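Student: This is the structure I want to talk about, given as structure tokens.
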Amino acid sequence: MDLALLRTFVTVHRAGSFTRAAALLGLSQPAVTSQIRTLERQLGRPLFLRQARGVTPTTIGDELAHKAAPHLDALVEIAETGLDDESSVRTLHLAGPPEFTAERALPALTELTGEDGQGLALRASFGTTEEVLEGLAAGHHDLAISTARPRGALLTATPLCDEEHVLVAAPRQAEVIGAQKLRRRGASALENLPVVEVHESLPFVSRYWASVFDSRPAASGTVIVPDLRAVLACAIAGAGLAVLPRYLCAAALERGDVVELLEPAVPPLRTYVLVVRTGTLAMPHIARAHEWLLRTAADWC
């Protein structure tokens, strides 16, 4: 049986689509379709059921993928790393949200680089959850950090850490709001106050309001800037209240640059996951970075 046909089959099985598999393999869609049909003729059994959106494996297809995928992954590892993997520097392509990737992931992974490191070079890119997962699925990245779990068999996600969200404002604004009034009146005490956010839809503020106040925010964004570090800077300058990850504003809170307006019994949380293309953890440089981030993240929670 041709290994190239098996590789194409496993890629289609994981991608759930001839189109996506073709992009991952660097082939045309007709070429992928032709290879799958050839393999089906050799086996004398259908491997996929064609549907309007993608394909679904048959029972025989699932069985073949279960048997073939681990061996193909091992062959890919050999091809990618070579026989003397200790002497080569491997490049890890990482993608994720700009703030978390810059403040958390990259500083952790730089411990695996350098003269005394593990032979790892880093290339990072930032993007939204959708952009990051699409880029990973298309083969542009090796490892992605996401706030959403991907669906399907192409990508595999592992929980990384939880991020606590905090409602903050500059000290002079906190005095105007008043802690007692906020505890007594809840969200109504914050109506019509200026808000700093990353998007017009107020994703952080809306999530906080829903979790803590069981309501929607009444105010609209006064300053909209697509970077949480800029949101923090604007909040410190007094532009308005903001909802931020605690790790990002911890130093500002300690210095008194901003004040935590409320301490809810159950603070809002957002979970990050590490995502890889299924099977690529067989490659040592990806597995090493994956394991290192999981180990380091234990101290972030």
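Every number in this text was worked out from the coordinates using simple rules, so none of it is lab data. Just so it is clear, the model here is predicted, and its values are computed rather than measured. Virtual Cβ from ideal backbone geometry, glycine too; neighbours counted across all protein chains shown.
Student: Find which of Ala179, Thr128, His165 sits farthest along the positive direction of the dipole of segment 114-208, computed with +1 on the beta-carbon of Lys and Arg, -1 on that of Asp and Glu, about the Cα centre.
Tutor: Selected residue: Ala179.
Student: Calculate the dipole size of the chain relative to its Cα centre from +1 charges on Lys and Arg beta carbons and -1 charges on Asp and Glu beta carbons; express the result in debye to the nearest 20.
Tutor: It works out to roughly 1160 debye.
Student: Same structure, new question: I need the phi-derived Karplus couplings for segment 95-105: 6.51 cos²θ - 1.76 cosθ + 1.60, θ = phi - 60°, integer Hz, Gly and Pro marked x.
Tutor: Working through the residues one at a time gives 9, x, x, x, 5, 5, 5, 6, 8, 10, 5 Hz.
Student: I've got another one for you. What nm value, rounded to one decimal, do you get for the distance between Ile60 and Arg270 when each label is placed 7 Å out toward the C-beta?
Tutor: 4.7
Student: Quick check on the chain: helices-only [θ] at 222 nm, where DSSP H runs of length 4 and up contribute -39,500 (n - 2.57) each and the sum goes over total residues. Nearest 500, please.
Tutor: Details: 12 runs with 125 residues, N = 301.
Value at 222 nm, helices only, nearest 500: -12500 deg cm²/dmol.
Student: Compute the FRET efficiency between Leu3 and Thr91 as 1/(1 + (r/R0)^6), taking r as their Cβ-Cβ distance and R0 = 25 Å, and round to the nearest 0.05.
Tutor: According to the calculation, E is roughly 0.45.
Student: Give the order of Val176, Val205, Val12 when sorted by the count of other beta carbons within 10 angstrom, beginning with the fewest. Before the final figure, lay out the partial values.
Tutor: Working: Val176 10, Val205 23, Val12 30.
The order, fewest Cβ neighbours first, is Val176, Val205, Val12.
Student: Something else about it: Filter the DSSP H helices in the chain by two things, a Kyte-Doolittle mean of at least 0.0 and an axial alpha-carbon span of 27 angstrom or more, and list the hits by number. Could you put the intermediate results ahead of the total?
Tutor: On the way: long enough: 59-81 (33 Å, 0.10).
The qualifying helices are 59-81.
Student: Moving on to the next point. Pick out, from Gln29, Trp300, Ala251, the residue whose Cα sits farthest towards the positive end of the charge dipole of the chain, with +1 on the Cβ of Lys and Arg and -1 on the Cβ of Asp and Glu.
Tutor: Gln29
Student: Related question: Could you grab the relative contact order for the chain? Cα pairs under 8 Å, six or more apart, rounded to a whole percent.
Tutor: Working: 492 pairs, mean separation 65.2, N = 301.
Contact order relative to length: 22 percent.
Student: I'd like to know which of Leu281, Gly96, His199 lies farthest towards the positive end of the charge dipole of the chain, counting +1 on Cβ of Lys and Arg and -1 on Cβ of Asp and Glu.
Tutor: It is His199, whose Cα lies furthest towards the positive end.
Student: Which order do peptides 225-237, 14-26 fall in by mean Cβ count within 10 Å, highest first? Display every interim value, and only then the final one.
Tutor: Numbers: 225-237: 18.2, 14-26: 20.0.
Per-residue mean Cβ counts within 10 Å order the peptides as 14-26, 225-237.
Student: Here's another thing I want to ask about it. Loop only per DSSP, at most 10 neighbouring Cβ atoms within 10 Å: give me the GluC sites (Glu not before Pro) in segment 199-261, ordered by residue number. Don't skip to the end; give the middle numbers.
Tutor: Values: sites: Glu200, Glu254, Glu260; in loops: Glu200.
Listed in order of number, the matching sites are Glu200.
Student: Using 7 Å Cα-to-Cβ label points, what is the Arg149/Ala233 separation (nm, one decimal)?
Tutor: In this crude label model, Arg149 to Ala233 measures out at 3.7 nm.
Student: Let me ask something else. Amide H to amide H, which residues 5 or more places from Leu122 or on other chains are under 5 Å from it, using H placed in the peptide plane?
Tutor: Leu92
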